[in-house]
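Engineer: One structure, as structure tokens, below. Some questions next.
Throughout, read-outs are computed from the coordinates displayed, never taken from laboratory work. Quantities reported herein were computed from a predicted structural model and do not represent experimental measurements. Cβ: placed from backbone, ideal geometry, glycine included. Neighbour counts: every protein chain shown.
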Amino acid sequence: MNDAIESRMTDGSRAKQAGTSSVPVIDFTAVTKSYKDKAGLDVHAMGPVDLKIEPGEFVSVVGPSGCGKSTLLRVIAGLETATGGELKRYGLPLDEPSYEVGIIFQEHVLFPWASIIENVMLPADILHLDKEAARKRAWQLLEMTGLKDFAQHRPQMLSGGMKQRAAFCRAMLSDPRFLLLDEPFGALDALTREELSLELSRLWGELGRSAFMITHDIEEAILLGDRVLVMSPRPGRIIADIKVDLPRPRSVGTAVLPRFQEIKQQVRELIFARQKDEA
């Protein structure tokens, strides 16, 4: 942690400019993933996948259950090893997890015995960050997400949406360049989900990071994404890469725009047509 990190925290435009690069965040060529099931049989779970994510992009992924969305995210994170293909992250071979990648899962996984500020500070110990600088950043993140007044509360005292905000703060403590989101709002009610989707869109715009999110919610994918990738049933392959040419910042009203509805229908037809073909 250093002064440059603090500067990016307080100036979203400089953050986005600083993240601009000609080197893709992710550059996958013919990436595959297979494994053996409990019976010892080979299962082709994903691929081949060609994928390129540019700095500052928000990429959403949708597809039927079991199509390999989470597998793709875990390979991108370095949590699973691909079976084949060429994998690069920021131009370097992707072969392990990185502190430059923050991850938010569907379940917040906050420690119930620790306060919110202690939960947010957890990566400081794991990644051996400077404690003073990390604590300062933690308070800044809590203020940005409206949690500053709840810093000393335990997770069980917070709503589901507030817990997910705390999980976001924890993921961003190390100032990652790239954020991965695995169904981050899947366990929340519809209204909270919509509220947090817009909140995430705002924070992404302010912090200027690249993001990759998997979701079952087509509207959520469009509302947040610069691109929506559609995956086929297993073995998961990217069958469409749709540009979301809608203005930002986006709001609840964005979903009623004709272009939004056009993209939504296009995605639905791709998913359900492929499911019908596979039936």
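Engineer: Using only alpha carbons, build the gyration tensor for the chain and give me the equivalent ellipsoid semi-axes, biggest first, whole Å.
Structural biologist: Numbers: eigenvalues 180, 98, 75 Å².
Taking √(5λ) for each eigenvalue gives 30, 22, 19 Å, largest first.
Engineer: Can you give me the three principal axis dimensions of the stretch 95-190 from its C-alpha atoms, in Å, biggest first?
Structural biologist: Principal extents (Cα only, largest first): 35, 30, 23 Å.
Engineer: Of all the Cα-Cα pairs you can form in the stretch 159-268, what percent are over 25 Å apart? Before the final figure, lay out each step's value.
Structural biologist: Values: 1266 of 5995 pairs.
Beyond 25 Å sits 21 percent of the P(r) for the stretch 159-268.
Engineer: Ok, one more. Where does each of 139, 204, 113 land when they are ranked from fewest to most other beta-carbon atoms within 10 angstrom? Show your work: numbers first, answer last.
Structural biologist: Working: 139 16, 204 21, 113 10.
Least crowded to most crowded, the residues run 113, 139, 204.
Engineer: Run the helix sum for the chain: -39,500 (n - 2.57) per DSSP H stretch of 4+ residues, divided by residue count, reported at 222 nm to the nearest 500 deg cm²/dmol. Spell out each step's value before the answer.
Structural biologist: Details: 10 runs with 108 residues, N = 279.
Here the helix-only value at 222 nm equals -11500 deg cm²/dmol.
Engineer: Net charge within 11 Å of residue 144 by Cβ-Cβ distance, Lys/Arg positive one each and Asp/Glu negative one each, not counting residue 144 itself? Present the calculation step by step, with values, prior to reporting the outcome.
Structural biologist: Details: positive: 137, 148, 165, 202; negative: 143, 199, 206.
Local net charge: +1.
Engineer: Count the net charge of all other residues whose Cβ sits under 13 Å from the Cβ of residue 111, scoring Lys and Arg as +1 and Asp and Glu as -1.
Structural biologist: On the way: positive: 154, 163, 170; negative: 107, 118, 125.
Result for the local shell: 0.
Engineer: Taking the Cβ of each residue in 270, 224 as the centre, tally the other Cβ atoms inside 10 Å and list the residues starting with the fewest. Intermediate results must be reported in sequence, preceding the final value.
Structural biologist: Working: 270 19, 224 23.
Least to most surrounded, the residues fall as 270, 224.
Engineer: Then there's this: Report for the chain the percent antiparallel among DSSP-assigned beta bridges with both residues inside it, nearest 5. Walk me through the numbers before you get to the answer.
Structural biologist: Numbers: 20 of 38 bridges.
Of the beta bridges lying entirely in the chain, close to 55 percent run antiparallel.
Engineer: Amide H of residue 85: which non-local residues (sequence gap of 5 or more, or other chain) have their own amide H closer than 5 Å, using H built in the peptide plane?
Structural biologist: The answer is 32.
Engineer: As a footprinting exposure proxy, order 175, 37 by other Cβ within 10 Å, with the fewest listed first.
Structural biologist: Working: 175 23, 37 8.
Neighbour counts put them in this order, fewest first: 37, 175.
Engineer: Still on this model: Subtracting the Cα-Cα distance from 0.36 nm times the residue separation, let me have the gained length for residue 202 to residue 136 in nm, one decimal. It would help to have the intermediate numbers written out before the result.
Structural biologist: On the way: separation 66, 0.36 × 66 = 23.76 nm, distance 2.13 nm.
Value of the extension gain: 21.6 nm.
Engineer: Given a Förster distance of 41 angstrom, what is the FRET efficiency for residue 154 paired with residue 261, based on the Cβ-Cβ distance and rounded to 0.05? Write down the numbers at each step before the final one.
Structural biologist: Working: r = 43 Å, r/R0 = 1.04.
For residue 154 and residue 261, the calculated efficiency is 0.45.
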